[in-house]
Amino acid sequence: MKEILILSGKGGTGKTSLTGCFAQLSSNAVFCDCDVDASNLHLLLAPELQETEEFYAGWTPQFMEKGCTQCGICEKVCRFKAISCEKGFPRQLPGLCEGCGACADHCPTGAVKLSPRHCGRRYRSQTPYGTLFHAELFPGEENSGKLIAELRRAARAEAEKTDAGLLISDGPPGIGCPVISSMSGVDLVVAVTEPTPSGFHDFKRVAELAHQFEIPVQLIINKWDLNCELSEMIAEFCRGRNIPEIGRIPFDPIFSECLRKNRTVLSASDPSAALNIKNIWQKISSLTF
Amino acid sequence: MKIAVASGKGGTGKTTVAVALAETLGARAVLLDCDVEEPNCHLFLQSHIESSSAVTVMVPRFHQEQCTGCGRCAKVCRFNAIASLGKRQLIFQELCHSCGNCLLSCPADALTESTMEIGRIHRRTPGAFPLYSGELQVGHALSVPLIRQLKEMCEDDKINILDAPPGTACPMVNSVRGCDYVILVTEPTPFGLHDLAGAVETLRTMEIPCGIIINRDEGKGTLIEDYAGQNKLDILMRIPFSRKIAEGYSAACSLLQSAPELKEKFSSLLEKVEAL
């Protein structure tokens, strides 16, 4: 079983639109939406929810007045300034706690208890194309890395169980914790970029990250004809870094027209965009890696 | 005043709008690029780095000779950043959240504070206003400490425009925290709406007022307008879908360079937000 991750660095280059197409073109594959912060893949694949699992990660402190001597040690040891003892008994200031547990560990009377933190939810859904694993992280939460790791574990277990040949994952933007968690152990990164200064800048950083992880990268330039010169510069950069270019997609209003109807371009009446993407998918799926 | 520009969905035009707001305000502005994983503001503002400072976080340093092998440091670390192997403790710096709990818990002074560089803050002056960009080092996982240090560059007597990262998790939350207003930039698509709703919910729990800019508006459908109406949110502005703007963007032109006629709309928007 091989795992492919679609990344970009920059948001909005077309990762999810293309992952949706690849999912629809694939056979014997499982899908995973690693963009748990703003997950969109399910909007294209008409999923039927089968299982929900609550996601708990990290800790949140409960301050009990019984036993509290108002010594203020909890506030002193908190490096995130998440506790205020201004009014005597400690209270948690919203959105700052990182769940380190120092307050509970160093309370001299044991008046602080730690409870598991409810950070989100993950789902297993059936789509007409295969099983989809997706999730949502509650607003303001961290631990996206851990949620992504759990999601991928579940997706891989499903792929093993059903003898699926491929796990296709829609990645998050950026290069931080969510991307690192999505990337570890994948066999291939398919990078989707656009010929804009942001697209190129951000793609370089994601390529560097993949290089650090020793994961091969292949490139798709989306909306390439918006700036042919910059597309060539990106291609030149890739040649120098041993990153094969597997396709270019011209700017086409058909993408947003289809997106507005929660569809991929494979459903459009004009088949030219779909044909291009089919050729790209053909190249990806016939890779031996 | 602090105004953040956020979205939920990536690629809707946050940086485009943040830069346009700073250019409209001119000398009254300070622009802070809080998308430290992929900072882009500087790409549209011709300028060079004037100064650059390293951003470091505290990580523990282990001293073998003092260690009694009690394993307490590994036990208290909730981030799995310490592995205890008898009298040898392995520190995984990239996982460390700098909470200091291990240092507090060690009975034998075998852990001291050390620093690890996670990125840099660059200062540029592209025009009448300064631009501070946070840049996370590739390979580092945690952007929040860098965002927190970057926000210290805000100036009280100016209008600070903060270009926030996408999403609604802790990088975005730490960028918008303490702001007086958040402008949410969206696109009129189901993806845009889905993620906009997540961002609005986040801001409601943080009790920060917000309004919406619809970018790449083609005048088709009322997807965002319906949502805004149901949720009592202002549509502050519409930026039309335009190939001219898209091509300008791809040639590193700022929005106001490609479409100077929009400056008046940005001025009115700022007047409205300042008055709130």
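Quick note: the coordinates plus some simple rules give every number you see, no bench work behind them. None of the values given here were measured: they were computed from a predicted structure. Heads up, the Cβs are rebuilt from the backbone with ideal geometry, glycines too, and the neighbour counts pull from every protein chain shown.
Positive end of the dipole of the range B:150-276 (Cβ unit charges, origin at the Cα centre): among B:L236, B:F266, B:N215, the Cα lying farthest that way belongs to B:N215. Summing +1 for each Lys or Arg and -1 for each Asp or Glu among the other residues whose beta-carbon sits under 11 angstrom from that of A:I4 gives -2. All distinct Cα pairs of the range A:69-211 go into the 1/r average, and the inverse of that average, the Kirkwood radius, is 18.7 Å. Give the separation of the Cα centroids, the range B:15-39 to the range B:207-276, in Å. Rounded to whole Å, the Cα centres lie 15 Å apart. Put a plus charge on the Cβ of each Lys and Arg, a minus charge on the Cβ of each Asp and Glu, and nothing anywhere else: the dipole of the range B:40-153 about its Cα centre is then about 280 debye. Against chain A, whose longest principal axis comes from its Cα atoms, helix A:228-240 is set at around 80 degrees.
Only Cα sites of chain B enter the Debye sum here, all with the same form factor; the resulting log10 I(q)/I(0) across q = 0.08, 0.09, 0.13, 0.16 1/Å is -0.40, -0.49, -0.85, -1.14, listed in q order.
Please report, in debye to the nearest 20, how large the charge dipole of the range B:8-70 is about its Cα centre when each Lys and Arg carries +1 at its beta carbon and each Asp and Glu carries -1 there.
160
So what's the convex hull volume per residue for the Cα atoms of the range B:1-137, in Å³?
On the way: hull volume 18.8 nm³, N = 137.
Hull volume over Cα atoms, normalised by residue count, gives 137 Å³.
When the P(r) is computed for the protein assembly as shown, the part past 47 Å accounts for 12% of the Cα-Cα pairs. Think of each Lys and Arg Cβ as +1 and each Asp and Glu Cβ as -1; about the Cα centre, that makes the dipole of the protein assembly as shown roughly 880 debye. Converting the Cα gyration tensor eigenvalues of the range B:141-260 into ellipsoid dimensions via √(5λ) gives semi-axes, longest first, of 25, 20, 14 Å.
Restricting the GluC sites (Glu not before Pro) of the range A:18-68 to loop positions (DSSP other than H, G, I, E, B) with no more than 15 neighbouring Cβ atoms within 10 Å leaves A:E65. Per the Kirkwood formula applied to alpha carbons, chain A shows a radius of gyration over Rh ratio, Rg over Rh, of 1.08.
To two decimal places, what compactness ratio does the range B:53-112 give when its Cα radius of gyration is scaled by 2.2 N^0.38 Å?
Values: Rg = 11.1 Å, N = 60, 2.2 N^0.38 = 10.4 Å.
Cα-based Rg divided by the globular estimate yields 1.06.
Once the Cα atoms are used to define both axes, helix B:14-25 deviates from the longest principal axis of chain B by about 70 degrees.
Report, in listed order, any pair from B:K9/B:K244; A:K2/A:K278; A:K15/B:K14; A:K2/B:K87 with a Cα-Cα distance greater than 29 Å. Working shown, then result.
On the way: B:K9/B:K244 23 Å; A:K2/A:K278 19 Å; A:K15/B:K14 18 Å; A:K2/B:K87 40 Å.
The answer is A:K2/B:K87.
Rounded to whole numbers, the Karplus 3J(HN,Hα) couplings from phi for the range A:46-59 are 6, x, 10, 5, 10, 9, 10, 10, 6, 10, 10, 8, x, 9 Hz, using 6.51 cos²θ - 1.76 cosθ + 1.60 with θ = phi - 60°, and x at Gly and Pro.
Between the residues A:H134, A:Y123, A:L188, the greatest Cα displacement towards the positive end of the dipole of the range A:121-226, with unit charges on the Cβ of Lys, Arg, Asp and Glu, is found for A:Y123.
Cα centroids of the range A:27-76 and the range A:143-211: how far apart, whole angstrom? Distance between centres, Cα-based: 19 Å. For the range B:84-139, the orientation-averaged shadow of the C-alpha convex hull comes to 5.7 nm² (one quarter of the hull surface). Annotation for the range A:219-267: chymotrypsin sites (Phe, Trp or Tyr not before Pro) lying in DSSP loop with at most 14 further Cβ atoms inside 10 Å of their Cβ do not exist.
Taking Cα atoms only, the orientation of helix B:263-275 departs from the longest principal axis of chain B by about 60 degrees. For the range A:1-76, evaluate the Debye formula with one uniform point scatterer on each Cα (no solvent term) and list log10 I(q)/I(0) at q = 0.13, 0.19, 0.20, 0.25 Å⁻¹, rounded to two decimals. Log-scaled intensity ratios, in q order: -0.60, -0.95, -1.03, -1.33. Of the GluC sites (Glu not before Pro) in the range A:168-266, the ones in a loop by DSSP (not H, G, I, E or B) with at most 12 other beta carbons within 10 Å are A:E214.
Calculate, in nm to one decimal, what B:A128 and B:S52 gain on full extension: separation in residues at 0.36 nm each, minus their alpha carbon distance. Working shown, then result.
Details: separation 76, 0.36 × 76 = 27.36 nm, distance 1.92 nm.
Separation in residues times 0.36 nm, less the Cα-Cα distance, equals 25.4 nm.
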